[in-house]
């Protein structure tokens with residue numbers, strides 16, 4: 001068994017993480033372990049704490065779930081979408097997309113609209129993050 005891809009809740013009281021392809025929540029003190037029952041990888045808590053974005057274990061897109069653990073699809077992968085990261089204002093996410101066997105950076109609105117490739121940098125872009133000043 002392994003745990004990976006943890007993300008702190010905005011208030012610092014809980015973590016979300018991937019345990020063998022299922023998303024779990026746990027309190028910061030190690031108590032209250034809860035399975036969400038949702039399959040996913042590389043979870044990321046939204047800045048307002050209302051949603052968690054994650055990659056699909058089936059490599060079929062970026063998804064988000066609310067705190068009732070109800071998932072909704074944000075993207076439909078070309079080959080594979082991973083590593084979603086919320087913008088500081090929570091209105092969009094950046095993620096890596098595998099297309100033609102090359103990773104590229106993309107963004108999508110928090111509602112799943114406006115999927116767009118970012119820049120024209122060299123192939124092999126991966127594991128994006130946001131700058132608070134950008």
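Within the range 11-31, list the residues whose amide N lies under 11 Å from a label point set 7 Å along Cα→Cβ of residue 2.
Output list for this probe position: 20-21.
Working out 0.36 nm times the residue gap between residue 59 and residue 27, then minus their Cα-Cα distance, what length gain in nm do you get to one decimal?
8.7 nm
Could you give the nm distance between label points at residue 68 and residue 20, where each point is 7 Å from its Cα heading toward the beta carbon?
Spacing of the two 7 Å Cα→Cβ label points: 2.9 nm.
Report, as a whole number in µm² per second, the diffusion coefficient that Stokes-Einstein gives for the range 35-88 at 10 °C and 1.306 mPa s using the Kirkwood radius over alpha carbon pairs.
Taking Rh from Cα pairs, D becomes 144 µm²/s.
What full-extension length gain, to one decimal in nm, is calculated for residue 89 and residue 34 as 0.36 nm per residue of separation minus the Cα-Cα distance?
Separation in residues times 0.36 nm, less the Cα-Cα distance, equals 17.1 nm.
In Å and on Cα atoms, what radius of gyration and Dmax does the range 3-117 show?
13.4, 43
Can you sort 8, 130 from fewest to most other Cβ atoms within 10 Å of each residue's own Cβ?
Lowest to highest Cβ neighbour count: 8, 130.
Relative contact order for the chain using alpha-carbon pairs under 8 Å, separation at least 6, rounded to a whole percent?
In percent, rounded to a whole number, it is 14.
Values in this text are rule-based calculations from the coordinates and carry no lab data. Predicted, not measured: the structure shown is a model, and the values here were computed from it. Cβ coordinates were reconstructed from backbone atoms using ideal geometry, including for glycine residues, and neighbour counts include every protein chain displayed.
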